[in-house]
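These notes are about the structure you will find just below.
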Amino acid sequence: MYGAILGDMIGSPYEFDRGAKTKNFRMFNDAIEFTDDSVMTIAVAEALMDAGEDAAGREEALIHSMKKWGHKYPDAGYGGRFYGWLFGPSSKPYKSYGNGSAMRVSSAGWLFGTIEETRTAARDSAKVTHNHPEGIKGAESVASAIFLARTGKSKTEIKEYITSEFGYDLTRTCDEIRPGYHHVETCMETVPEAITAFLEGENFEDVIRTAVSLGGDCDTLTCIAGSIAEAYYGVPEEMISECRKRLPSDMLEILDRFERYKIKRKERV
């Protein structure tokens, strides 16, 4: 999950089209901070670990964890409808196709042994709020890309799978996307751009810089791109260190638990 959280942090100063659309910027400046993307990434990871193999109990675990973490960090920058879900009396989904389903899903790409299980968990993580088909597709596609990347698939294979299974247009280059791209919070106009940034990046840091250079909903786009890049490249230790020093202890506890959970699951396979 470090890739997702680093992407969120590093992209956060440039959200709402505040960046210069360049790859040349100071990576760890004083303005970077985690936002709702990181909070909900932690929440979903906790829920998926708590539920384990109990798919039937996954929905309850997700709702509980997301609301718990939302109440812990109420000022993290949630969208209006999601904020209403977090703090309102209802736990019913609201047909969203916002990119929130895709930015919080990274743990699903790591915690399961098959792509079918991965896609099911991603769907479950989305549909508690984002039960619109595009919201579900956004989560599934990102989790699938992470699964494929961590299991040794090439970028060509990942691109082909995402295109054939989800129908996203991945033919545009970042240079073609960048000039007219603007702040937008839908899966349809965030997920393909984030995946393209991953496909074009030459290493983890370059993926982050490429994603930031596109602009738009920069924290979320870079969160998604970084989550896939971590699975493909890994994350440099110095960047992990920078990430950890900017997170509170309760979030670090979940991150550490997640790393242990991944190791134990790999040993069982």
key: Segments classed as helices (runs of 4 or more DSSP H), wholly inside region 157-269, with at least 2 members that are among the hydrophobic types (A, V, I, L, M, F, W, C) and touching a Gly at 6+ places or on another chain (Cβ under 7 Å)   = 204-214, 218-233
remark   = Note on region 112-128: residues β-branched (Val, Ile, Thr) and assigned to a loop (DSSP other than H, G, I, E, B) are 114, 128
From 95, 68, 72, residue being on the phi > 0 side of the Ramachandran plot and exposed (fewer than 15 other Cβ atoms within 10 Å of the Cβ) = 95
key: residue 125 surrounded by fewer than 24 Cβ atoms within 10 Å (Cβ to Cβ) and either over 25 Å from residue 255 (Cβ atoms) or in contact with a Lys or Arg (Cβ under 8 Å, 6 or more places away or on another chain) (or both)   = no
ask   = Since residue 20 meets every condition but one in (1) touching a residue at least 12 places away in the same chain (Cβ under 8 Å); (2) aliphatic (A, V, I, L, M); (3) part of a loop (DSSP other than H, G, I, E, B), which condition does it not meet?
value = (1)
task = Out of 158, 162, report the one residue that is in contact with a Pro (Cβ under 9 Å, 6 or more places away or on another chain) and within 24 Å of residue 199 (Cα to Cα).
result = 162
ask   = Looking at region 1-25, which of its residues are modelled with pLDDT of 95 or more and charged (D, E, K, R)?
value = 8, 21, 23
note = Taking region 196-220 and keeping residues in contact (Cβ under 8 Å) with a residue 40 or more places away in the chain, crowded, with 24+ Cβ neighbours inside 10 Å and closer than 15 Å to residue 170 by Cα leaves 198, 211, 214
query = If residue 155 satisfies every condition in (1) of a type in the set (Lys, Arg); (2) crowded, with 19+ Cβ neighbours inside 10 Å; (3) in contact (Cβ under 8 Å) with a residue 60 or more places away in the chain but one, which is the exception?
reply = (2)
key: Qualifying positions in region 129-152 - buried (at least 24 other Cβ atoms within 10 Å of the Cβ) and in a loop (DSSP other than H, G, I, E, B)   = 129, 130
key: Long-range neighbours under 8 Å by Cβ, at least six apart or interchain, first residue more than 26 Å from residue 147 (Cα to Cα) and modelled with pLDDT of 95 or more within region 228-250, second outside any loop (DSSP other than H, G, I, E, B) and not charged (D, E, K, R)   = 246/9
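The values are calculated or read from the model by the stated rules, or taken from the named source; none is laboratory data. Values in this document were obtained by computation on a predicted structure and should not be read as measured data. Using ideal geometry, Cβ is built from the backbone for each residue, glycine included, and neighbour counts are taken over all protein chains shown.
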